[in-house]
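J.: Quick one: the structure is below, and I'll ask about it shortly.
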Amino acid sequence: MTETMDKEIDVQDEDEAQEQKRKLGEMYAWQEGMSWNPVERVILERRSVRKYKDRQVPEKLVRRVLEAGRFAPSAGNSQPWRFVVVRDREMIEEMEKYVRLRCRVLKFLLNWQESPLGRLAWLNSQVSARLIPNLMHPIPFGAISLIADGKLKLFHGAPTVILILMDRRGAAKPAVDVGICGQNMVLAAHSLGLGTCWVGFVEVFKFGTKWKKKLGIEWPYRLVEGIALGYPVGKPDGMIERELREIDWWEDGRKRIVF
Amino acid sequence: MEMAFLSLKERMTIPTYDDPERCTSGRVAIDHERCNGCGNCALICPGACLYVAGVGKDKKAYMIDKPVPDCMSCNDCMAICKRGAIRADVTYDFGGFYKVLHRGELCPPRNF
Ligand SMILES: Cc1cc2nc3c(=O)[nH]c(=O)nc-3n(C[C@H](O)[C@H](O)[C@H](O)COP(=O)(O)O)c2cc1C
Ligand code: SF4
Ligand code: SF4
């Protein structure tokens, strides 16, 4: 009796192994014009998710996502990251409020179209765009006002937030490592049915002494990015169109331009 | 295709982002034949530049009427719209210091 059962289990295992192989058959090999393999699918269909269900993500699932971050490549294997996971709804709400308040101040100082400061705000924006051109890029600049007006949320109602602190002493270029680490987690999360959104606006916490202490943003750490994590409302993932970018292609001693 | 070149004058100019003569924001094309006004795109648009108006069969999505809407041509609206009714057809370029270089056309993933 037990023998036959063992055999049945063996057969089942074999079936599963076959099934697994069939699925993985699409991986680790390329043929011209073949359809997307599962990894490519996740990469190409991942979209930033800005509407989440209330339902909390199981702890184990978050731990699993964090593992994908831990195994990211980093210059000199210096792993210059530290994760802060926030799953406390009240705390997330407080963070949301804090950033909105700060964005209102920034809007007042910079948004020359709507601020009562008028031309002074215009001057502020021109000066800061020259000092910190990346942060004052028109898109984040516009987002400051959107957040201030409550039209754009910080974490979009996600029940879990992963903050990535960067160890400023990391080998070579730690900010690059942190980006790679975060994207590993993002892709793993989407492959497991979760939605994510990168949140660069966590930058604003550097203005808050209380938050810096609470979140551990102290030397040698700097808070660089946040990732909102949760179950998406609807089906926001999907393939889309994006702009091509010119590529310089050197081969046979000459340069071609390809797209 | 744009010239992949940034002049010194452009490099020195920080544009003011409210003049459509000097900068282009992202723009979407909405096919009102297909759109059923479900509002999903408006719900998730990070630039808050979509809204739904009208009643019953005439309920449709529109882009807000602003000289330079906050559209970043992310196409997240295209991804969430399962009716294929919306897509970004103009990508942003704020000119001057922020002029976009080496750009090509909009195109879905190509499986070479
Ligand atoms: C480093 C980084 C920071 C970002 N910060 C924010 C943010 O603060 N708020 C937000 O809504 N989206 C943020 N995003 C998401 C981008 O807007 C989004 O990735 C981009 O529009 C492309 O859309 P997709 O992610 O759906 O492909 C960020 C993305 C990255 C990579
Ligand atoms: S998601 Fe599509 S169908 Fe729904 S309102 Fe937007 S464009 Fe219309
Ligand atoms: S492309 Fe992005 S920013 Fe523009 S309308 Fe669509 S969702 Fe909004």
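The values are calculated or read from the model by the stated rules, or taken from the named source; none is laboratory data. Here the structure is a predicted model, which is why all the values come from computation and not from measurement. In this analysis, Cβ positions are derived from the backbone assuming ideal geometry, glycine residues included, and neighbour counts consider all displayed protein chains. For the accessible areas, the whole protein counts, side chains as well, though only heavy atoms, and no ligand, DNA or RNA atoms are used. Shrake-Rupley method; radii C 1.70, N 1.55, O 1.52, S 1.80 Å.
J.: Looking only at helices (runs of 4 or more DSSP H) that lie completely in the stretch A:33-113, which have at least 1 residues being touching a residue at least 24 places away in the same chain (Cβ under 8 Å) and under 23 Å from B:Met72 (Cα atoms)?
T.: A:38-45, A:89-110
J.: Considering every residue within the stretch B:56-73, establish whether at least one is within 6 Å of ligand 2 (Cβ to nearest atom) and of a type in the set (S, T, N, Q). Give the derivation first.
T.: As a first pass, look at the stretch B:56-73 and keep what is within 6 Å of ligand 2 (Cβ to nearest atom): B:61.
Next, from what is left, pick out any that are of a type in the set (S, T, N, Q): none.
No, because not a single residue in the stretch B:56-73 is within 6 Å of ligand 2 (Cβ to nearest atom) and of a type in the set (S, T, N, Q).
J.: Then there's this: Restricting to the stretch A:210-251, and then to whatever is among the charged types (D, E, K, R) and away from chain B (no Cβ under 14 Å), can you tell me which residue is surrounded by the most Cβ atoms within 10 Å (Cβ to Cβ)?
T.: So in the stretch A:210-251, the residues among the charged types (D, E, K, R) come out as A:210, A:212-214, A:218, A:222, A:225, A:235, A:237, A:241-243, A:245-246, A:248, A:251.
Now restrict to residues that are away from chain B (no Cβ under 14 Å): A:210, A:212-214, A:218, A:222, A:225, A:251.
Values: A:Lys210: 10, A:Lys212: 15, A:Lys213: 10, A:Lys214: 14, A:Glu218: 10, A:Arg222: 17, A:Glu225: 21, A:Glu251: 7.
Checking each candidate, the answer is A:Glu225.
J.: Could you list, in sequence order, the residues of the stretch A:24-51 that are of a type in the set (A, V, I, L, M) and either surrounded by fewer than 17 Cβ atoms within 10 Å (Cβ to Cβ) or within 9 Å of another protein chain (Cβ to nearest Cβ) (or both)? Break it down stepwise before answering.
T.: Looking only at the stretch A:24-51, we keep the residues that are of a type in the set (A, V, I, L, M), and these are A:24, A:27, A:29, A:34, A:39, A:42-44, A:49.
Within the stretch A:24-51, A:Leu24, A:Met27, A:Ala29, A:Met34, A:Val39, A:Ile43, A:Leu44, A:Val49 qualify.
J.: Then there's this: If you check B:Ile14, B:Ile30, B:Ile64, B:Ile86, which single one turns out to be within 15 Å of ligand 1 (Cβ to nearest atom) and open to solvent by less than 80 Å² (accessible area, probe 1.4 Å)?
T.: On inspection, the qualifying residue turns out to be B:Ile86.
J.: Which residues, counting only those in the stretch A:52-64, are open to solvent by less than 80 Å² (accessible area, probe 1.4 Å) and within 14 Å of chain B (Cβ to nearest Cβ)?
T.: Initially, the stretch A:52-64 is screened for residues open to solvent by less than 80 Å² (accessible area, probe 1.4 Å), giving A:52, A:56-58, A:61-62.
Within the stretch A:52-64, A:Tyr52 is the sole residue that qualifies.
J.: Hey, another quick one. Which condition from (1) more than 10 Å from every other protein chain (Cβ to nearest Cβ); (2) more than 30 Å from A:Gly33 (Cα to Cα) is the one that B:Ile86 breaks?
T.: It fails just one condition, (2).
J.: Can A:Ala175 be described as open to solvent by less than 70 Å² (accessible area, probe 1.4 Å), assigned by TED's automatic domain parsing to the domain that holds A:Val233, free of Cβ contacts under 8 Å to residues at least 60 places away in the same chain and within 14 Å of the chain's Cα centre (by Cα)?
T.: Values: open to solvent by less than 70 Å² (accessible area, probe 1.4 Å): yes; assigned by TED's automatic domain parsing to the domain that holds A:Val233: yes; free of Cβ contacts under 8 Å to residues at least 60 places away in the same chain: yes; within 14 Å of the chain's Cα centre (by Cα): yes.
Spelling it out, A:Ala175 is indeed open to solvent by less than 70 Å² (accessible area, probe 1.4 Å), assigned by TED's automatic domain parsing to the domain that holds A:Val233, free of Cβ contacts under 8 Å to residues at least 60 places away in the same chain and within 14 Å of the chain's Cα centre (by Cα).
J.: Additional query: Identify the single condition in (1) at the interface with chain A (Cβ under 7 Å from one of its Cβ atoms); (2) surrounded by 15 or more Cβ atoms within 10 Å (Cβ to Cβ) that B:Cys71 does not satisfy, given that it satisfies every other one.
T.: With respect to (1) at the interface with chain A (Cβ under 7 Å from one of its Cβ atoms); (2) surrounded by 15 or more Cβ atoms within 10 Å (Cβ to Cβ), B:Cys71 is out only on (1).
J.: Next question. Do the conditions hold for B:Leu50, that is, is it surrounded by fewer than 20 Cβ atoms within 10 Å (Cβ to Cβ), closer than 19 Å to A:Lys51 by Cα and within 16 Å of ligand 1 (Cβ to nearest atom)? Lay out the reasoning, then the answer.
T.: Details: surrounded by fewer than 20 Cβ atoms within 10 Å (Cβ to Cβ): no; closer than 19 Å to A:Lys51 by Cα: yes; within 16 Å of ligand 1 (Cβ to nearest atom): yes.
No, not satisfied.
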